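First the structure, in the form of structure tokens, and then the observations on it.
The values are calculated or read from the model by the stated rules, or taken from the named source; none is laboratory data. None of the values given here were measured: they were computed from a predicted structure. A quick note on method: Cβ atoms are made from the backbone with ideal geometry, for glycine too, and the neighbour counts reach across all protein chains shown.
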Amino acid sequence: MTELELLGPRASGEALGRAVLKAVADDFQVDEVLDIPLSGQGEHLWLWVEKRDLNTEEAARRLARAAGVPVRAISYAGLKDRQALTRQWFSLHLPGKADPDLSRAEDDSLRVLKQVRHQRKLQRGAHSANGFTLRLTGLSADHQALDARLEQLKVQGVPNYFGAQRFGHAAGNVHDALDWAAREALPEQRNVRSRLLSAGRSYLFNQVLAARVADGSWNQAQVGDLLAFTDSRSFFPAGEQECSDPRLTILDLHPTGPMWGAGLPSSAGGTAALETAVGERHPALCQWLGRVGLDHERRILRLPIGRLTWHYPEPDILQLEFVLPAGCFATVVVRELVDLVPAGQTESPCVF
């Protein structure tokens, strides 16, 4: 599958040039934003961990080995990129135990920056946002055009596509999901099952969003839409009055698209027709997602970019800093600016 088939069209116009992202891990930095006051006491030890070129699951295994506890005693809010410099929270369940010596888990790829006791474990999805610092190197683009595009993104946001990394190398996760759906079966391994279900839902969502970007309605509320606030998982139907709600203009309220599962909520009008048409193109996948116990959910179509700033440390480097809600992809912001190419390559763009 091509990038366009996975993600759909850009909303802001053609790419303004080319650049490299992740020439080194420090070019892609992520800081988890967790708005939970920690009590300082309890049977759970919370760790603020910095890791470089290390995925979240491997970090959890290393912390478990050093602490002498099973991996199931380790919790984290979300998965972070491997090829990056990331800082995120983990919690260890240590009932009746003293704080362990975690130095055996540490090296150049992992450091424990802080540890605090708390009464409860860290739940998946508990973080409210992620802060990003990205350095685009090998930049070949006009600075004035980039500045104008970035000012535009501040005002209008970007389509909230799932990034291509969700779909695996050469879209392998999507192909595997379609194959399992056609066989009306599920992989036995829990992590594989979760990965393929997620890829299938994300692919369908991107198909709906791509159609909304193509017809120009991705950032506008229409009668029949289901609307949601940026940081809320609840949604409500839009009537005539809601379509002119001023909170749409300030990027606080957004139209949503379907995350397929059982119990499809009733969007209406043209929105329902569009979503139904996407589902009818992939009936086996939709039925598969509905049978496995997933509830239908909604995801905002428009992604507001919080605290967006940028500068050029060198003429061929663009540094971006911004905050996105949890579960959203920094690469879809970059995609509205430039094509990404692998380090050392100057020809065909890399898919992100």
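Here Pro258 meets the list (1) over 14 Å from Phe205 (Cβ atoms); (2) free of Cβ contacts under 8 Å to residues at least 60 places away in the same chain almost entirely, failing just condition (1). Just one of the numbered conditions (1) over 21 Å from the mean Cα position of the chain (by Cα); (2) part of a strand (DSSP E or B); (3) aliphatic (A, V, I, L, M) is not true of Leu134: (1). In the set (1) under 28 Å from Val24 (Cα atoms); (2) touching an Asp or Glu at 6+ places or on another chain (Cβ under 7 Å), Ala171 fails one condition alone, (2).
Does Gly293 satisfy the criteria of being under 22 Å from the mean Cα position of the chain (by Cα), assigned to a loop (DSSP other than H, G, I, E, B) and exposed (fewer than 15 other Cβ atoms within 10 Å of the Cβ)? Spelling it out, it is not the case that Gly293 is under 22 Å from the mean Cα position of the chain (by Cα), assigned to a loop (DSSP other than H, G, I, E, B) and exposed (fewer than 15 other Cβ atoms within 10 Å of the Cβ).
For (1) at pLDDT 95 or above; (2) of a type outside the set (Phe, Trp, Tyr); (3) buried (at least 19 other Cβ atoms within 10 Å of the Cβ), each residue gets a yes or a no:
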{"site": "Gly17", "(1), (2), (3)": "yes, yes, no"}
{"site": "Val20", "(1), (2), (3)": "yes, yes, yes"}
{"site": "Asp26", "(1), (2), (3)": "yes, yes, no"}
{"site": "Glu32", "(1), (2), (3)": "yes, yes, yes"}
{"site": "Asp35", "(1), (2), (3)": "no, yes, no"}
{"site": "Gln41", "(1), (2), (3)": "yes, yes, no"}
{"site": "Trp46", "(1), (2), (3)": "yes, no, yes"}
{"site": "Lys51", "(1), (2), (3)": "yes, yes, yes"}
{"site": "Leu54", "(1), (2), (3)": "yes, yes, yes"}
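Take Glu275 and tell me if it is out of contact with any strand residue (DSSP E or B) (no Cβ under 8 Å at 6 or more places or on another chain), more than 19 Å from Ser232 (Cα to Cα) and either assigned to a helix (DSSP H, G or I) or modelled with pLDDT under 95 (or both). Criteria not met by Glu275.
Inspection of the stretch 125-140 identifies at least one residue that is modelled with pLDDT of 95 or more and in contact with a Phe, Trp or Tyr (Cβ under 7 Å, 6 or more places away or on another chain). Restricting Gln123, Gln88, Gln115 to residues that are farther than 30 Å from Ala15 by Cβ and part of a loop (DSSP other than H, G, I, E, B) narrows the list to Gln123. Just for the stretch 74-101: of the residues that are among the hydrophobic types (A, V, I, L, M, F, W, C) and crowded, with 20+ Cβ neighbours inside 10 Å, which one is farthest from Arg166 (Cα to Cα)? Top of the filtered list is Leu92. In summary, Pro325 fulfils each of the numbered conditions (1) surrounded by fewer than 17 Cβ atoms within 10 Å (Cβ to Cβ); (2) under 19 Å from Asn130 (Cα atoms) with the single exception of condition (1). Inside the stretch 186-235, residues that are assigned to a helix (DSSP H, G or I), out of contact with any helix residue (DSSP H, G or I) (no Cβ under 8 Å at 6 or more places or on another chain) and more than 23 Å from Lys154 (Cα to Cα) make up a count of 6.
A residue that is in contact with a helix residue (DSSP H, G or I) (Cβ under 7 Å, 6 or more places away or on another chain), more than 23 Å from Leu153 (Cβ to Cβ) and crowded, with 19+ Cβ neighbours inside 10 Å cannot be found anywhere in the stretch 236-244.
So which residues in the stretch 261-290 are in contact (Cβ under 8 Å) with a residue 24 or more places away in the chain, among the charged types (D, E, K, R) and surrounded by fewer than 18 Cβ atoms within 10 Å (Cβ to Cβ), if there are any at all? If the condition is that a residue be in contact (Cβ under 8 Å) with a residue 24 or more places away in the chain, among the charged types (D, E, K, R) and surrounded by fewer than 18 Cβ atoms within 10 Å (Cβ to Cβ), then Arg281 is the only one that fits.
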